[in-house]
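Asks: Below: one structure in structure tokens.
The values are calculated or read from the model by the stated rules, or taken from the named source; none is laboratory data. Computed from a prediction, not measured in an experiment: that's the story for all the values here. Neighbour counts run over all protein chains shown; Cβ positions are idealised from the backbone, glycine included. We work out accessible area using only protein heavy atoms, side chains counted, and drop any ligands, DNA or RNA first. Shrake-Rupley method; radii C 1.70, N 1.55, O 1.52, S 1.80 Å.
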Amino acid sequence: MDILHSQLAAVQQKLSWVQTEPINWKLYVQAFSWTVTLFESYLLLRQYPLYSKKAPPAALEKDFEPGAFEKSQAYGKDKAKFALFSGLYKQILDSTLLHFGFYAWSWQAAGQLIAKLGYNSKYEITQSIAFVFILYFLSTIPTLPLSVYGTFVLEEKHGFNKTTPRLFVTDMIKSWLLAFTFGAPFLAAFLKIFQWAGDRFVPWLMAFMISFQLIMVILYPTVIQPLFNKLSPLAEGDLKQRIEGLAVKLRFPLKHLYEIDGSKRSSHSNAYFFGLPWAKHIVIFDTLIQQSKPEEVEAVLAHELGHWFFMHPTKMLFISQVHIFSILALFPAFLHAPPLLASFDFPPHVARAPPTIVAFLLFQMILTPIEAVVSIIMNAVSRKFEFEADRFAVDLEDRVRATGGEKAAAGMNDMGERLGRALVSLHVKNLSTVWVDWLYSAYHHSHPTLTERLKGLEQFQAEKMKKRN
């Protein structure tokens with residue numbers, strides 16, 4: 001532990017200039033946040049002309065019914081227009097709030113609020129919690145029209161929205177209550193670690209955050225998700241038998257198999273698994289069951305179990321922890337930097353002793369361009385994992401045969417073909433874009449495009465047959 005702290009101290013020494021140099025951090029944040037927003041707008045403008053194509057890629061022409069491709073293109077075009085407007089709108093809003101000292105005002109307002117409750121400025125954690133929720137609520141209100149438009153105009157126009165105005169409001173209220181119920185204790189513990197550990201907070205904070213993530217793995221499906229969706233045991237039948245059989249053959253520790261009422265809000269579909277290493281739960285959207293045949297859903301789950309087999313969630317968790325550690329290792333220099341707060345219009349008496357939560361939020365803004373690059377890298381890793389999971393589905397027959405014999409592998413020889421059909425079906429029924437600009441995809445997409453995945457499946461299948469011959 002001492003070696004770690006000495007290395008972290010060396011990093012802080014190299015960043016000591018942050019604590020004294022009068023840098024215009026606000027101008028830096030404004031410039032780079034606008035750079036990121038304009039780059040994202042440029043990517044949308046690269047993608048937009050592809051929505052004017054009159055026909056799908058040749059390999060997919062047979063999969064589109066008359067009029068379906070045109071609907072897909074219209075949906076993509078409308079989403080792109082909305083994304084362009086909402087991105088610029090949010091950036092203008094954030095830039096305006098930043099320019100007029102919204103963060104400094106919110107800290108002052110939080111102090112006034114807790115003063116009415118009998119607390120003074122010595123109660124930094126209490127004021128910090130009030131500060132975060134003032135920011136959260138006041139920054140949410142101006143973006144509510146975007147959420148309303150996206151749900152009740154855009155998604156409604158293209159036949160996907162199932163959310164009623166009542167459900168929209170109740171979902172929003174539940175989200176706010178959950179944010180306070182879980183956010184306030186988390187923030188209190190987060191800040192208490194800083195007070196207790198001082199500048200040696202990094203390993204303790206990492207341990208706390210990992211523990212919190214594990215707790216949420218348990219609480220989300222049992223406490224949070226039931227507040228929004230109904231999870232029911234998957235009905236007896238062919239699909240259940242297929243999935244349970246697949247889990248047994250792969251020794252997947254399946255504890256529960258659920259169907260979720262995703263159609264309550266949208267006609268989009270999905271499937272995923274979650275849980276601790278020794279007890280996993282599979283959740284299938286009712287829309288996926290309605291839109292796909294049982295053998296296709298089985299292939300989709302074979303792909304998902306490929307992620308489990310190759311430990312992709314664990315690897316992504318590890319990568320994210322390295323990322324978080326890197327951020328926390330740099331933070332102490334900014335934690336003790338009065339010029340940072342002064343640059344964002346905080347009064348001298350606050351800037352002299354920077355509140356931890358204020359310094360941390362401003363520090364995150366400074367990292368905006370770095371986070372954009374990290375996002376591209378994470379997407380590249382995620383796409384690699386998607387190809388590996390696709391290959392797993394193709395090779396599943398050979399894997400099962402090697403461990404369970406010929407009988408266990410029966411009926412799995414076309415798993416890759418079934419997965420391909422399922423992907424095409426889901427793309428067509430969800431009006432997903434089939435023409436994608438490569439740079440737009442690299443920045444935004446955590447999954448390969450449909451044509452990339454279909455080519456990959458063909459290649460994996462060819463390699464499988466070549467290996468047998």
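Asks: Provide a single number: the residues in the range 74-86 that are touching a Lys or Arg at 6+ places or on another chain (Cβ under 8 Å) and either open to solvent by 80 Å² or more (accessible area, probe 1.4 Å) or without any contact (Cβ under 8 Å) to a residue 60 or more places away in the chain (or both).
Replies: Taking the range 74-86 first, the residues touching a Lys or Arg at 6+ places or on another chain (Cβ under 8 Å) are 78.
Still in the list and also either open to solvent by 80 Å² or more (accessible area, probe 1.4 Å) or without any contact (Cβ under 8 Å) to a residue 60 or more places away in the chain (or both): none.
The total comes to 0.
Asks: Right, another one. Considering each residue of the range 116-145, count those that are surrounded by 16 or more Cβ atoms within 10 Å (Cβ to Cβ) and not hydroxyl-bearing (Ser, Thr, Tyr), and give that number.
Replies: Residues meeting the conditions: 10.
Asks: Pairs, please: C-beta under 7 Å, at least 6 apart or cross-chain, first residue charged (D, E, K, R) and in the range 172-193, second open to solvent by 50 Å² or more (accessible area, probe 1.4 Å) and part of a helix (DSSP H, G or I)?
Replies: Once the first residue is charged (D, E, K, R) and sits in the range 172-193, its partners that are open to solvent by 50 Å² or more (accessible area, probe 1.4 Å) and part of a helix (DSSP H, G or I) give Lys174/Leu227.
Asks: If you don't mind, another one. Looking at Pro354 and the list (1) in a helix (DSSP H, G or I); (2) under 19 Å from Ile23 (Cα atoms); (3) in contact with a Leu (Cβ under 9 Å, 6 or more places away or on another chain); (4) of a type outside the set (A, V, I, L, M, F, W, C), which single condition is not satisfied?
Replies: (1)
Asks: Can you pull out the residues in the range 277-295 that are touching a Pro at 6+ places or on another chain (Cβ under 9 Å) and either among the hydrophobic types (A, V, I, L, M, F, W, C) or in contact (Cβ under 8 Å) with a residue 40 or more places away in the chain (or both)? Steps first, please.
Replies: At the first step, the residues of the range 277-295 found to be touching a Pro at 6+ places or on another chain (Cβ under 9 Å) are 277-281, 283.
Answer for the range 277-295, where residues must be touching a Pro at 6+ places or on another chain (Cβ under 9 Å) and either among the hydrophobic types (A, V, I, L, M, F, W, C) or in contact (Cβ under 8 Å) with a residue 40 or more places away in the chain (or both): Trp278, Ala279, His281, Val283.
Asks: Can we say Phe186 is more than 20 Å from the chain's Cα centre (by Cα) and among the aromatic types (Phe, Trp, Tyr)?
Replies: Values: more than 20 Å from the chain's Cα centre (by Cα): no; among the aromatic types (Phe, Trp, Tyr): yes.
It is false that Phe186 is more than 20 Å from the chain's Cα centre (by Cα) and among the aromatic types (Phe, Trp, Tyr).
Asks: Being part of a loop (DSSP other than H, G, I, E, B), surrounded by fewer than 17 Cβ atoms within 10 Å (Cβ to Cβ) and within 22 Å of the chain's Cα centre (by Cα) is the filter here, so list the residues in the range 231-277 that pass it.
Replies: Step one: list which residues in the range 231-277 are part of a loop (DSSP other than H, G, I, E, B), which gives 234-237, 251-253, 261, 265, 267-270, 277.
Filter again for surrounded by fewer than 17 Cβ atoms within 10 Å (Cβ to Cβ), leaving 235-237, 251, 253, 261, 270, 277.
Hits for the range 231-277 are Asp261, Asn270, Pro277.
Asks: Counting only residues that are open to solvent by 50 Å² or more (accessible area, probe 1.4 Å) and among the aromatic types (Phe, Trp, Tyr), which one in the range 103-115 is nearest to Phe190 (Cα to Cα)? Quick ask: steps written out before the conclusion?
Replies: Within the range 103-115, the subset open to solvent by 50 Å² or more (accessible area, probe 1.4 Å) is 103, 105, 108, 112-113, 115.
Checking the rest, the ones that are also among the aromatic types (Phe, Trp, Tyr) come to 103, 105.
Details: Tyr103: 20, Trp105: 23 Å.
Result: Tyr103.
Asks: Filter the range 15-39 down to the residues that are of a type in the set (S, T, N, Q), surrounded by 15 or more Cβ atoms within 10 Å (Cβ to Cβ), more than 14 Å from Ile370 (Cα to Cα) and touching a Ser or Thr at 6+ places or on another chain (Cβ under 7 Å) and list them by number. Spell out how you get there, then give the answer.
Replies: Kept after step one, since they are of a type in the set (S, T, N, Q), are these residues of the range 15-39: 16, 19-20, 24, 30, 33, 35, 37.
Narrowing the set further to residues that are surrounded by 15 or more Cβ atoms within 10 Å (Cβ to Cβ) leaves 19, 30, 33, 37.
Checking the rest, the ones that are also more than 14 Å from Ile370 (Cα to Cα) come to 19, 30.
Residue satisfying the conditions is Gln30 alone.
Asks: Just to be sure, is Pro313 in contact with a His (Cβ under 9 Å, 6 or more places away or on another chain), under 20 Å from Phe212 (Cα atoms) and either assigned to a helix (DSSP H, G or I) or open to solvent by less than 50 Å² (accessible area, probe 1.4 Å) (or both)? If you could, list the steps in order and put the result at the bottom.
Replies: Values: in contact with a His (Cβ under 9 Å, 6 or more places away or on another chain): yes; under 20 Å from Phe212 (Cα atoms): yes; either assigned to a helix (DSSP H, G or I) or open to solvent by less than 50 Å² (accessible area, probe 1.4 Å) (or both): yes.
Yes, satisfied.
Asks: Considering Tyr51, Tyr42, Tyr89, which residue is in contact (Cβ under 8 Å) with a residue 60 or more places away in the chain, in a helix (DSSP H, G or I) and either aromatic (Phe, Trp, Tyr) or exposed (fewer than 13 other Cβ atoms within 10 Å of the Cβ) (or both)? Explain how you work it out, then say what you get.
Replies: Details: Tyr42 fails: in contact (Cβ under 8 Å) with a residue 60 or more places away in the chain; Tyr89 fails: in contact (Cβ under 8 Å) with a residue 60 or more places away in the chain.
Going through Tyr51, Tyr42, Tyr89 in turn, just one is in contact (Cβ under 8 Å) with a residue 60 or more places away in the chain, in a helix (DSSP H, G or I) and either aromatic (Phe, Trp, Tyr) or exposed (fewer than 13 other Cβ atoms within 10 Å of the Cβ) (or both): Tyr51.
Asks: Further, regarding this structure: What are the residue pairs meeting all of these: first residue in the range 448-469, first residue free of Cβ contacts under 8 Å to residues at least 60 places away in the same chain, second residue assigned to a loop (DSSP other than H, G, I, E, B) and open to solvent by less than 80 Å² (accessible area, probe 1.4 Å), Cβ atoms under 8 Å, and 6 or more apart or on different chains?
Replies: Every condition considered, the pairs that remain are Thr449/Val434; Thr449/Val436.
Asks: Out of all the residues in the range 412-434, is one or more open to solvent by 70 Å² or more (accessible area, probe 1.4 Å), closer than 30 Å to Thr37 by Cα, under 30 Å from the mean Cα position of the chain (by Cα) and not small (Gly, Ala, Ser)?
Replies: Filtering the range 412-434 down to residues open to solvent by 70 Å² or more (accessible area, probe 1.4 Å) leaves 413, 417, 421, 429.
Applying the additional criterion that residues be closer than 30 Å to Thr37 by Cα yields none.
No: the range 412-434 contains no residue that is open to solvent by 70 Å² or more (accessible area, probe 1.4 Å), closer than 30 Å to Thr37 by Cα, under 30 Å from the mean Cα position of the chain (by Cα) and not small (Gly, Ala, Ser).
Asks: Output the qualifying pairs, or none if there are none: Cβ atoms under 6 angstrom, residues six or more apart or on different chains, first residue in the range 311-322 and on the phi < 0 side of the Ramachandran plot, second residue open to solvent by less than 80 Å² (accessible area, probe 1.4 Å) and at pLDDT 90 or above.
Replies: Qualifying pairs under 6 Å: His312/Phe385.
Asks: Which numbered condition trips up Leu330, out of (1) more than 30 Å from Leu362 (Cα to Cα); (2) touching a Leu at 6+ places or on another chain (Cβ under 8 Å); (3) open to solvent by 40 Å² or more (accessible area, probe 1.4 Å); (4) of a type outside the set (Val, Ile, Thr)?
Replies: (1)
Asks: Moving on to the next point. Tell me, please, whether a residue that is part of a helix (DSSP H, G or I), more than 30 Å from Ala197 (Cβ to Cβ) and polar (S, T, N, Q) can be found in the range 1-21. Steps first, answer last, please.
Replies: Quick first cut of the range 1-21, residues part of a helix (DSSP H, G or I) only: 2-14, 16-19.
Okay, now just the ones that are also more than 30 Å from Ala197 (Cβ to Cβ), so none.
Scanning the range 1-21 turns up no residue that is part of a helix (DSSP H, G or I), more than 30 Å from Ala197 (Cβ to Cβ) and polar (S, T, N, Q).
Asks: To continue, here is another question. If you check Glu304, Glu298, which single one turns out to be within 22 Å of Leu254 (Cα to Cα), open to solvent by less than 20 Å² (accessible area, probe 1.4 Å) and touching a residue at least 24 places away in the same chain (Cβ under 8 Å)? I'd like the intermediate steps shown before the answer.
Replies: Working: Glu304 fails: open to solvent by less than 20 Å² (accessible area, probe 1.4 Å).
Only one candidate qualifies: Glu298.
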